[in-house]
Amino acid sequence: MIGFWIFSMLLACLLGLALWHDIASRRIPNWLTGAGLLAGVGLGFLHLNGIGTGSSLLGAIVGFLVLLPLHLLRAMGAGDVKLMAAVGAFLGPLPVIGAVLLTFAAGGVLSLIVALWSKSMSRVLNNLRLMGMVAFTGRAAGVALRDVETTGRLPYALAIAVGTGLQLWLATQGSWPFK
């Protein structure tokens with residue numbers, strides 16, 4: 001029981017601080033993601049997260065690798081990728097995949113709200129089209145990813161926090177496959 005509370009408080013602190021930094025500066029500091037990674041692996045070593053050291057390390061690798069392509073496509077910041085690696089160290093490999101899927105859903109809703117609020121939906125859709133073309137063809141009529149004009153940076157730590165929270169809640173339900 002005490003392990004659950006330590007796990008919950010450390011993960012909540014990690015996500016809360018990441019969200020605060022991301023909203024304030026649109027950056028998630030390396031010291032925070034590094035501390036989160038160490039905390040997650042430390043909990044695994046002490047068996048306080050219920051998964052052990054190996055699963056903590058594998059969860060961190062999976063969380064990192066699943067989001068890395070989005071960073072390489074310039075669709076996500078490096079801090080977001082490292083934050084998901086830290087979350088993976090807390091959750092383990094299969095639950096972090098569930099958290100990533102739920103994060104994508106939360107991020108899509110967040111992006112839609114921001115695009116509608118800022119009246120930039122047509123630019124967002126055009127950017128998605130160009131990014132898709134570049135991702136699948138390597139170039140879009142001579143356009144590279146560096147040429148895509150962004151519509152702003154989202155505090156994606158919010159989507160990661162919501163996705164992780166939903167993952168933890170759904171894992172307690174009977175039919176969620178990412179436990």
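The values are calculated or read from the model by the stated rules, or taken from the named source; none is laboratory data. Quantities reported herein were computed from a predicted structural model and do not represent experimental measurements. No Cβ is skipped: glycine too gets one built from the backbone with ideal geometry, and neighbour counts run over all protein chains shown. What goes into the accessible areas is simple: the full protein's heavy atoms, side chains included, and nothing from ligands, DNA or RNA. Shrake-Rupley method; radii C 1.70, N 1.55, O 1.52, S 1.80 Å.
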Of the residues in segment 1-36, those that are of a type outside the set (A, V, I, L, M, F, W, C) and part of a helix (DSSP H, G or I) come to G3, S8, G16, H21, D22, S25, N30, T33, G34, G36
Out of the residues in segment 14-26 that are touching a helix residue (DSSP H, G or I) at 6+ places or on another chain (Cβ under 8 Å) and exposed (fewer than 14 other Cβ atoms within 10 Å of the Cβ), which is nearest to G77 (Cα to Cα)? I23
When restricted to L57, L11, the only residue modelled with pLDDT of 95 or more, within 16 Å of the chain's Cα centre (by Cα) and surrounded by 13 or more Cβ atoms within 10 Å (Cβ to Cβ) is L11
Read through the list (1) at pLDDT 75 or above; (2) assigned to a helix (DSSP H, G or I), then give the number of the only condition that M133 fails. (1)
Restricting to segment 66-120, name every residue that is among the hydroxyl-bearing types (S, T, Y) and crowded, with 24+ Cβ neighbours inside 10 Å. T103
So is A39 open to solvent by 10 Å² or more (accessible area, probe 1.4 Å), in a helix (DSSP H, G or I), of a type in the set (G, A, S) and over 16 Å from L158 (Cβ atoms) or not? yes
Any residue at all in segment 141-154 that's modelled with pLDDT of 80 or more and under 22 Å from W20 (Cα atoms)? yes
For segment 121-128, state whether one or more residues are open to solvent by 40 Å² or more (accessible area, probe 1.4 Å) and of a type in the set (V, I, T). no
The condition from (1) open to solvent by less than 40 Å² (accessible area, probe 1.4 Å); (2) within 30 Å of L130 (Cβ to Cβ) that P29 misses is numbered (2)
Residue pairs, Cβ under 6 Å, 6 or more apart or interchain, first in segment 107-128 and touching a residue at least 24 places away in the same chain (Cβ under 8 Å) and more than 16 Å from I160 (Cα to Cα), second β-branched (V, I, T) and buried (at least 16 other Cβ atoms within 10 Å of the Cβ). List them. A115/V124; S120/T151; R123/T151; V124/T151; N127/V148
Please state which of the following conditions V114 fails to meet, knowing it meets all the rest: (1) outside any helix (DSSP H, G or I); (2) over 22 Å from L168 (Cβ atoms). (1)
